[in-house]
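In what follows, a single structure is set out as structure tokens and then discussed.
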Amino acid sequence: QVQLVESGGGLVQAGDSLRLSCAASGRTFSSFTMGWFRQAPGKEREFLASVSPSGDSILYADSVKGRFTISRDNAKNTAYLQMNSLKPEDTAVYYCAARYSRQYRYDYRYDYWGQGTQVTVSS
């Protein structure tokens, strides 16, 4: 089992930045691909980014490429999502997720999920 806890969400203004953290406990963090997703009210959950277990491979959704940066620190068992130039349409609940080994963009491929953290961007 892997337990994931997100933090760092909040209310910000358009153009601001936030850094989300995802602290993991349980099985070996460095064996897991970490992903970030979000879900806005009335919308499906959306893939944002993923990082391979070693950190040498990263995938981004086109909607956030160039504004969001995913990273991980295996020594701290933590993954991060740096979000810059935030827009009102980025308002959503943000989730981190983990799966063993390979990266995928699909939420059903991930086995472990955090409880989510709310990000609200005002105009």
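Condition first: charged (D, E, K, R) and modelled with pLDDT under 95. Now tell me which residues in segment 1-55 satisfy that. The answer is Arg27, and nothing else.
Among residues of segment 72-123 being under 15 Å from Leu18 (Cβ atoms) and among the polar types (S, T, N, Q), the one that is surrounded by the most Cβ atoms within 10 Å (Cβ to Cβ) is Thr117. The set of residues from segment 16-28 being touching a residue at least 12 places away in the same chain (Cβ under 8 Å), open to solvent by 10 Å² or more (accessible area, probe 1.4 Å) and farther than 14 Å from Asp90 by Cα comprises Ser21, Ala23, Ala24, Ser25, Gly26, Arg27.
Cβ-Cβ below 7 Å, separation at least six or inter-chain, first residue in segment 92-118 and in contact (Cβ under 8 Å) with a residue 12 or more places away in the chain and among the aliphatic types (A, V, I, L, M), second part of a strand (DSSP E or B) and open to solvent by 40 Å² or more (accessible area, probe 1.4 Å): which pairs? Sorted first by the residue in segment 92-118, then by its partner, the pairs are Ala92/Gln39; Val93/Gln39; Val93/Gln118; Ala97/Tyr112; Ala97/Trp113; Ala98/Tyr112. Residue check: Lys76 meets all listed conditions (1) under 21 Å from Asp107 (Cβ atoms); (2) more than 15 Å from the chain's Cα centre (by Cα); (3) charged (D, E, K, R) but one, namely (1).
For segment 35-57: of the residues being farther than 22 Å from Pro88 by Cα and not in a strand (DSSP E or B), which is most open to solvent (accessible area, probe 1.4 Å)? If we take residues in segment 35-57 being farther than 22 Å from Pro88 by Cα and not in a strand (DSSP E or B), then Asp56 is most open to solvent (accessible area, probe 1.4 Å). Being open to solvent by 40 Å² or more (accessible area, probe 1.4 Å), under 20 Å from Arg105 (Cβ atoms) and in a strand (DSSP E or B) is a property that holds for Thr69.
Every listed requirement among (1) touching a Cys at 6+ places or on another chain (Cβ under 8 Å); (2) touching a residue at least 60 places away in the same chain (Cβ under 8 Å) is met by Asn84 save one, (1).
The values are calculated or read from the model by the stated rules, or taken from the named source; none is laboratory data. Predicted model, so just to flag it, every value in this text is computed and none were measured. Cβ coordinates were reconstructed from backbone atoms using ideal geometry, including for glycine residues, and neighbour counts include every protein chain displayed. Only protein heavy atoms, including side chains, enter the accessible area calculation; ligands, DNA and RNA are left aside. Shrake-Rupley method; radii C 1.70, N 1.55, O 1.52, S 1.80 Å.
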